[in-house]
């Protein structure tokens, strides 16, 4: 454990060493004003259509088989050309990639590359379902590296107005960009590729991408990488951190946490990467992740609006710069205003990268029951903390049962996020390494579990008629004296100048007729009331807004708070979250 963290801090140190250089980067691959929802798959024909104004960028990819359908001497990059033409017309920027591995052309296997047949879960009518090259074969490397070279030449020889539309190219070395050799087990075990030679092949490929996209005299193109975690893929991480020119920079694939909630691994991913994505102090990275068919799978479709809402918040939680929506999900959004509204919410939050210039701060309430957390859930009480210990999950859930927590698909809780998105069919409130606290950006609830209680399935069973807010919430708990929730803004948000005004929007459940609560704030030594609210008791989610111009903003209250939600009677009010719109002078 000590050696693992020592390695991490050594890497972190190298990042900080490079920090002053990265700021000199001339070409900004992804400007912050394009952080948000991108069109992945060509769902939009006319980007000037006002209804499509939530689309801020374009992603385009092609199969290697379609780039070289006729043999090793011919290349067809027309799909990229068409996208660049459209991007130049509508002033968009473009992410590009070529899928290799199982999407390689079939002629490879007539030119010295061994064909690897795997037990695949792809559709049987997919002619590429079981066709995989043996990556370590020299002939495969020759053809693959030549394709990389030709792709770079095609892009670097574009007219200037179209070259300027190139945001970045994703490095893909394995199956569908997931950076693994096969989607399934090779039937011929001799073609199995252990981790060490696979990582060596990846680094060979990285070198080729760097050679043709970065190590050129002009028209350098930024690259983005997947699976370069310092713990899980230390060789790849060390390579990108030390071999990529910091004046060019690079990006990462931003995980899968724009595809659902309570997916395994979100907490670790957040802790690992957000220091470089949100208010970075050293190396500044950007991240992009695709929405795949997850939005059509069982867990997502219990309530599609709820699925998109918490998926968008998961993306914000992990610092995702762009969520690239596939063709189906984009078309679905165009037919459903409530999904467009969620995408616009994501655009608004994703662009809040630096607190000193932020125009929005947000805290959406959520308590994640992370079975990997042995401090909150001691092993002596809940059992050994292992991913497969189902009894531990059930004991944790039982402790929160009165707050609505349930385990409706226990087996899925211990699986990886790919399996969860694919086959989980009901919600779980305990998971392994899941997001633990609120979904926040520059607005922090102070001591949330000590001053409020987390709720799950707030108005009972969730179905297609439920509100997106019903999934999680926080509440006062008068019985235990939890009648005040404290909040503070990021230390840097108003360090240099006061805002002209702050517009608060508090979303709450009007459950109890006559119940009262208020929003209060500090001004010097005084505590002032911004708004007092009284419930009607119709059990509907509502939002109240109030403008405040004289808040102290110096963390002057108890626990260092700037404002608080206060229960002004003995009835427990329930809240979804708080958004604060900032008007700067």
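Just so you know, all these numbers are worked out from the coordinates, no wet-lab data involved. What you see is a predicted model, and the numbers here were worked out from it, not measured in a lab. Please note: Cβ atoms are built from the backbone with ideal geometry, for glycine as well, and neighbour counts cover all protein chains shown.
Details
- Each part reduced to its alpha carbon centroid, region 413-489 and region 152-181 end up 38 Å apart.
- 0 to 90° range, to nearest 10: angle between helix 138-156 axis and the chain longest Cα axis: 70 degrees
- Estimated distance in nm for a label pair at residue 281 and residue 82, the labels positioned 7 Å out from Cα along Cα-to-Cβ: 4.9 nm
- Normalised per residue, the volume of the convex hull around the Cα set of the chain (Å³): 167 Å³
- Going by neighbour counts of Cβ atoms within 10 Å, the residues 402, 414 line up, fewest first, as 402, 414.
- Distance from region 54-92 to region 511-581 (C-alpha centre basis), Å: 51 Å
- Simple spin-label estimate for residue 359 and residue 178 in nanometres, 7 Å along Cα-Cβ: 3.9 nm
- Per-selection Kirkwood Rh - region 281-361 (Cα, Å, 1 d.p.): 13.6 Å
- Gain on full stretching of the segment that runs from residue 216 to residue 479 - 0.36 nm per residue minus C-alpha separation: 88.0 nm
- Sequence ranges 152-158, 359-365, 268-274, ranked by mean other-Cβ count within 10 angstrom, highest first: 359-365, 268-274, 152-158
- Counting DSSP beta bridges with both ends in region 2-352, the antiparallel % (nearest 5): 10 percent
- Full extension of the chain segment joining residue 542 with residue 242 gains 103.0 nm, where the gain is 0.36 nm per residue of separation less the Cα-Cα distance.
- Short-range pairs are left out: with C-alpha atoms under 8 Å and at least six residues apart, the relative contact order of the chain is 12 percent.
- Cα long-axis angle, helix 304-317 against the chain (0 to 90 degrees, to the nearest 10): 80 degrees
- As a rough guide to protection, the peptides 162-172, 473-483 ranked by mean Cβ packing within 10 Å, highest first, stand as 162-172, 473-483.
- Site pair residue 568 and residue 384 shows an inter-label distance of 5.4 nm when each label is modelled 7 Å from Cα along Cα→Cβ.
- For the peptides 536-546, 177-187, residues were scored by their other Cβ atoms within 10 Å and the scores averaged per peptide; the highest-first order is 177-187, 536-546.
- Rounded, prolate or oblate (a/c below 1.5 giving rounded, otherwise prolate when a/b exceeds b/c) for region 373-431 by Cα gyration tensor: oblate
- Computed over every Cα-Cα pair of region 2-352 and binned at 20 Å starting from 0, the pair-distance distribution P(r) comes out as 29, 61, 9 percent.
- Shape category assigned to region 459-585 from the gyration tensor of Cα positions, a/c cut at 1.5: prolate
- DSSP-defined beta bridges in the chain - what % are antiparallel, rounded to 5: 65 percent
- C-alpha long axis of helix 195-209 to longest principal axis of the chain, angle in °: 80 degrees
- Placing R0 at 22 angstrom, the Cβ-Cβ distance between residue 187 and residue 136 gives a FRET efficiency of 0.80 after rounding to 0.05.
- Our helix-only sum for the chain, with -39,500 (n - 2.57) per DSSP H run of n ≥ 4 divided by its residues, gives a mean residue ellipticity at 222 nm of -8000 deg cm²/dmol.
- Footprinting exposure proxy ranking of 411, 210, fewest other C-beta atoms within 10 angstrom first, gives 411, 210.
- Shape of region 59-212, Cα gyration tensor, a/c cut at 1.5: prolate
- Residue separation of residue 518 and residue 419 scaled by 0.36 nm, minus their Cα-Cα distance, works out to 31.3 nm of gained length.
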